[in-house]
Amino acid sequence: MSELTALLEPGMLVRHPDQPDWGVGQVQSNIGGRVTVNWPDLGKVVVDGNRIGLLPVYDAN
């Protein structure tokens, strides 16, 4: 698991680097690098943090 993925905690906002049209999602859980994110238009999606490095969002505006 990447160091960045290990830092993701519930409530944090993230973007998917390969899916910019998904917008900003909110981390629901991070268990063993499997990150569940709630995306506004997609609902909950589990992302393998070992393969995809989600990007933290510090200012959603």
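Every number here is computed from the coordinates shown, using simple stated rules; none is lab data. What you see is a predicted model, and the numbers here were worked out from it, not measured in a lab. Virtual Cβ from ideal backbone geometry, glycine too; neighbours counted across all protein chains shown.
For the reader, a short list of remarks on this structure follows.
- Between Asn38 and Val57, the distance separating the two model label sites (each 7 Å from Cα on the Cα→Cβ line) works out to 1.4 nm.
- 13 Å cut-off, amide nitrogen to a point 7 angstrom out along Leu7 Cα→Cβ, residues in region 23-57: 54-57
- Rh by Kirkwood over Cα pairs, then Stokes-Einstein D for the chain at 1.002 mPa s and 20 °C, µm²/s: 192
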